[in-house]
Each structure stands twice: as structure tokens, then as C-alpha cells.
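First comes the structure, then the notes that go with it.
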Amino acid sequence: MNASAVGPQILACRDILVDPGEEPNLEHVARELEKLERPLPSRIDANPEEVERGLAKLVLTLIELIRRLLEKQAIRRIEGGRLTDEEIERLGLTFLRLAQRMKELQGAFNLTDEDLNLDLGPLGDLM
């Protein structure tokens with residue numbers, strides 16, 4: 001079979017699975033495909049409680065990341081003298097209420113601070 005008779009997808013797979021200039025070995029291709037199937041579960045565990053907890057973990061982690069970024073920005077503005085005493089008081093109260101609400105939500109979904117931690121690479125951990 002010449003290359004023009006073979007679809008582009010098959011050629012792409014063939015280029016990956018066999019050395020250039022060799023004919024494809026179907027046994028080799030079958031073994032490679034089996035390797036790809038093994039890590040995948042045969043069933044997806046769609047436990048509603050775990051899905052809900054996982055979604056809460058994701059959302060709360062994002063909120064915590066944004067909260068920390070906003071807090072750092074607020075501190076820079078305070079240190080730079082760009083906020084009035086009233087604005088500083090409002091910011092402090094807002095961050096306090098947000099922290100309290102985060103703790104309530106973490107409790108509702110049985111999540112700890114460590115559950116919300118992210119590895120931010122060169123920046124270190126979120127918490």
C-alpha cells in the first residue's frame with residue numbers, strides 16, 4: 001500500500017509506532033494500544049458527594065488564591081499611603097468576613113487548609 005492510499009491519521013500513528021522505512025508491525029501496534037488502555041479505569045466513579053466536594057475544593061481554592069492576591073495588593077496600597085483610614089478599616093473588615101465565611105464553607109465540605117493548598121511552582125505553596 002502506498003502512502004497516498006493511507007489516511008493522514010494512520011500515517012501519523014504509523015510514524016510514532018514504527019521506525020521510518022519499516023512496515024508497521026500490527027502486533028507491536030496492538031501492544032502499544034493496550035498500554036494506553038491500562039491506566040484508564042473501566043468505570044468512572046460518579047459519586048455525587050465526591051463530585052460536590054471536589055467542585056467545592058476547586059472553587060474554594062480559587063477564592064483563597066484570589067483573596068491572598070487581593071490582600072497583598074491591599075497591603076501595598078496601605079504601605080504606599082494611598083488609602084484613607086476608613087478604606088483601611090473597610091478592607092480589614094471585608095477580609096475578616098471573607099476568612100470567616102471560607103472557614104464555614106470548608107467545614108461544610110469537610111475541607112482543611114491543606115486540602116486547598118496549591119503548589120505554585122517557583123512561587124512556593126499557596127498556604
- line: Taking first residues from region 62-82 that are in contact (Cβ under 8 Å) with a residue 60 or more places away in the chain and second residues anywhere that are among the hydrophobic types (A, V, I, L, M, F, W, C) and in a helix (DSSP H, G or I), the pairs with Cβ under 6 Å that are 6 or more apart or on different chains are Glu64/Leu116
task: Would you mind telling me which numbered condition in (1) over 30 Å from Pro48 (Cα atoms); (2) touching a residue at least 12 places away in the same chain (Cβ under 8 Å); (3) under 25 Å from the mean Cα position of the chain (by Cα) Gln106 fails?
output: (1)
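Quick note: the coordinates plus some simple rules give every number you see, no bench work behind them. None of the values given here were measured: they were computed from a predicted structure. A quick note on method: Cβ atoms are made from the backbone with ideal geometry, for glycine too, and the neighbour counts reach across all protein chains shown.
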